[in-house]
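Enquirer: The structure that follows is given in the form of structure tokens.
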Amino acid sequence: MPLAWLALGVVLGLFAGSVWEPPPLALLLLLVAMGGAWALARSAGVGVGLLLLVAAGVLIGVLRGGPGVLEPREFDALERFHGEVVELRGTLNGVAELVGTRVRFRLEAEAVRGKGTWRPSSGAVRVWADAAIAPLDGRGYPFLAHGDLVMLRGVLDAPQPIGGFDYREHLAARGIGSELTRASVIAVEPADGGGVLGAVHAVRAKLADAIERHVPEPQAALTRALVLGMRGSVPPRVSQEFRDAGLAHLLAVSGMHVGVVLGLSLLASASVFGRRRGLYLIAPFVLLWVYVALAGAPPSAVRAGAMGSAYLLALAAGRLTAPLNALGLAALVLLAWDPAALWDRSFQLSFTAMLGVLVIGLPLWRRAQERLPSVRPAEPGIRALGVRLGRAVAGGVLVSAGAVIGSLPLVALNFGQVPLLGILATLIALPVLPLLLVAGVVTALVSSLAPLLADATGLVVAAAGGLIVLDAAVVSRVPGSVVQAGFVTAGWAWASYAVMFAALAVLNRGRWAEAARGLAAALWRGPSRRVEAWAVVAALAVLAGTLWLGVASRPDGLLHVSFLDVGQGDATLLVTPGGAVVLIDGGADPRVTIPLLDAVLGPGRRRIDVAFLTHPHRDHMGSLLELARRGRIERLIVPPVVAGEDDAWRRELDALEVSVHEGGAGMTVTFTDGVTVEVLNPPSPPLVGTASDLDNNGLVLRARIKDAAVLFTGDLYEDGERLLVDRGAELTAGVLKLGHHGSDRASGTALLRAVAPSIAVVSAGAENPLGHVSPRVLERLGAPVADGRTFLTSRHGTIELTTDGSTWWVVTERD
């Protein structure tokens, strides 16, 4: 099972890499130590190949992941408009569903208008629109199709939790960061065909209509959910009964549904083509992905499709005896494509359920077969039929139990409850599910060609669906069918899996105990020759060096804010407790800024996860452009366009294909370690007619962790500061970087009163011709801050402030 062990290592490496980015030298030393350990083990006759595979997987995971893997890969440019009534224009993606009295669909935003003019934008939005939509010729209700250009008006906001369900995380896993509610459709420009995706979604819509015509409710809604992934019309009462009975997983197309399709298609294809040639595997592969496409290709179904494809590959290669290899291959492919999927709830549930089937359910079934009554394959009679039925039921119970046990800790952790009778309810539903899927597909396909046949198959769908609905209703009403598990934490879940692993290790100790004894004996004897002894010393020294480098490079759990001494300019580096790197402005000269930046970050850390440009003046922007040219900036947040500005830098960034996002009041960048960077300025629409529109429409940022905050005002003028205060923005901060390099035109009394800082920092050049910092600004700060609590890069050099969220510590380059 080499792929399974390699996948285990990758998972461990991704977890480790999410909180620690080791320097390249540490990884190189670890690689050398692994090679030495392998050579020594081989000379001693001890096989450690699987352990080395795990170690190699850990290295791959660390390299593929890194601390930035959990950060959002795209900032939602619509975030600054959250909480506002807006007009939104974009392209409809997928199928529009009627959900009660509203129409739900996904919109890929292209432009937005809040209180000002239309502005280009991007981001996926979940839309809840009023059901009253103007008809379009040649279309049935709701008159919207994939690819349509739609204009709407409604309230834009972040998705809100629903009870104990993290709805925001659920949508974020699908790339959706905003929700438009109370929306009305203003205009629709029909799509011209919509391409391949448009054709697929058009087929889905037609099949949904066919099911509605031939199947009664609520079975029709259940069939649309199971066959087409359209859950919007499932009655709330039925949804609640499915949740209480532990059958909610049936309503979301996932690995179970894909597995049923794969199993049925394999049986049918093998009966037609035989198993002697691999040709019989082609049809199941095609049908598998056709079903995934018809279901709307949700992430869970795509992952299950990848797992099914890996299983077919194992069949084709004649390696069916190692199903864990197929699971490992699927995990490797999916995590190589998207490392952040490891933290996705549906990914975790799908793979722990499948792992439970492979390591718990199937082994239990194999042991049970040895003890259950058996019959000859062709033996007739009632007894033989009863034995076969009993064995099938036992197999279903044990395999289902494996899936439930495998995912049980995660179910309790994520949903706060455990459906005790879920295994029983699933056992009743599973034999009926294939019948419902097949009859549902046939009903939808033959509806227009043979309506009478569709009516007949619709009766089968109604009967099968009715049985599943009845199953959910009965089980959900049994007292104690659901146990609340709000006490479950991540540590509890890990401990549960550790206990499961230990139990499996004890049960299968015959497989590994002998190898472990051999390894222990070889270690106890030690090397028998001087060369081997020196090799042991060298390997241990290299391993010790690796550990030392690793510990030295780990984040210390504090927020570090370094005001770099870049002369007459601004450049501030933030390193969060989890190791994420944030740069605010970059100073004018890359020859000055970049060496300072690398000196603070240390060897091996070059990536800047997020960079902010407060405004496009050379003394703030010069080095940021050079860092972007070198490919070191993952994401760059910039202020909006101001009339009359030279936008050559924007065109250059477009040519460099840097991920650029326009910032504005209301945007918040949140890191997984609790650090947030809030954008407080500019407003929407931008300010006009101020002392300097370019400066006053710059980004104002407030970085915060727990009770500690730092405010960056860029080059905001005093009139811009007053407008910021008047808007009621949260400005309180223990640390204030004085605006405009300490100029008298900034850091006015109104702002200082609102911020109430205890520490002030000025980024200015020594003996600069502008006379920064102004004595009048120091006077406005007041004696407690001005005397001993104001730090200047011109005097103190690079200034590092460190906080644990409550206390600030200051270290300066020069006294």
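The values are calculated or read from the model by the stated rules, or taken from the named source; none is laboratory data. Please read these numbers as outputs of a predicted model, since none were measured by experiment. Note that each Cβ is placed from the backbone with ideal geometry, even for glycine, and that neighbours are counted across all protein chains shown. In case anyone asks, the SASA skips ligands and DNA or RNA and just uses the protein heavy atoms, side chains included. Shrake-Rupley method; radii C 1.70, N 1.55, O 1.52, S 1.80 Å.
Enquirer: Please tell me if SER684 is buried (at least 19 other Cβ atoms within 10 Å of the Cβ), touching a residue at least 24 places away in the same chain (Cβ under 8 Å), of a type in the set (Ser, Thr, Tyr) and in contact with a His (Cβ under 9 Å, 6 or more places away or on another chain).
Expert: no
Enquirer: If I filter the range 404-412 for residues that are modelled with pLDDT under 70 and either surrounded by 21 or more Cβ atoms within 10 Å (Cβ to Cβ) or in contact with a strand residue (DSSP E or B) (Cβ under 9 Å, 6 or more places away or on another chain) (or both), do I get at least one hit?
Expert: No, the range 404-412 contains no residue that is modelled with pLDDT under 70 and either surrounded by 21 or more Cβ atoms within 10 Å (Cβ to Cβ) or in contact with a strand residue (DSSP E or B) (Cβ under 9 Å, 6 or more places away or on another chain) (or both).
Enquirer: Can you name the residue in the range 59-91 that is crowded, with 23+ Cβ neighbours inside 10 Å and aliphatic (A, V, I, L, M) and, of all such residues, is modelled with the lowest pLDDT?
Expert: Once the filter is applied, the top-ranked residue is VAL62.
Enquirer: Can we say LEU716 is in contact (Cβ under 8 Å) with a residue 12 or more places away in the chain, in a loop (DSSP other than H, G, I, E, B) and among the hydrophobic types (A, V, I, L, M, F, W, C)?
Expert: yes
Enquirer: For ARG174, are the conditions met, namely being among the charged types (D, E, K, R), outside any helix (DSSP H, G or I) and within 27 Å of the chain's Cα centre (by Cα)?
Expert: yes
Enquirer: Kindly indicate which of VAL755, VAL810, VAL777, VAL762 is over 30 Å from GLY578 (Cβ atoms), open to solvent by less than 70 Å² (accessible area, probe 1.4 Å) and β-branched (Val, Ile, Thr).
Expert: Among VAL755, VAL810, VAL777, VAL762, only VAL777 is over 30 Å from GLY578 (Cβ atoms), open to solvent by less than 70 Å² (accessible area, probe 1.4 Å) and β-branched (Val, Ile, Thr).
Enquirer: Can we say VAL811 is at pLDDT below 90, outside any loop (DSSP other than H, G, I, E, B) and not acidic (Asp, Glu)?
Expert: So VAL811 does not fit the description; no.
Enquirer: Against the condition of a type in the set (Asp, Glu), open to solvent by less than 50 Å² (accessible area, probe 1.4 Å) and modelled with pLDDT of 60 or more, how does ASP585 come out, does it pass?
Expert: Answer is yes for this residue.
Enquirer: With modelled with pLDDT under 80 and in a helix (DSSP H, G or I) as the only criterion, which of GLY480, GLY458, GLY491 stands out?
Expert: GLY491
Enquirer: From the list GLU212, GLU217, GLU241, which one is out of contact with any strand residue (DSSP E or B) (no Cβ under 9 Å at 6 or more places or on another chain), of a type outside the set (A, V, I, L, M, F, W, C) and open to solvent by less than 40 Å² (accessible area, probe 1.4 Å)?
Expert: GLU241
Enquirer: Would you mention how many residues in the range 110-151 are open to solvent by less than 60 Å² (accessible area, probe 1.4 Å), within 21 Å of GLY177 (Cα to Cα) and without any contact (Cβ under 8 Å) to a residue 40 or more places away in the chain?
Expert: 1
Enquirer: Exactly one condition in (1) open to solvent by 40 Å² or more (accessible area, probe 1.4 Å); (2) aliphatic (A, V, I, L, M); (3) under 30 Å from THR803 (Cβ atoms) is not met by LEU656; state its number.
Expert: (3)
Enquirer: So the check is Cβ under 7 Å with 6+ separation or different chains; which pairs have a first residue in the range 298-313 that's touching a residue at least 24 places away in the same chain (Cβ under 8 Å) and at positive phi and a second one that's buried (at least 24 other Cβ atoms within 10 Å of the Cβ) and β-branched (Val, Ile, Thr)?
Expert: Every condition considered, no pair remains.
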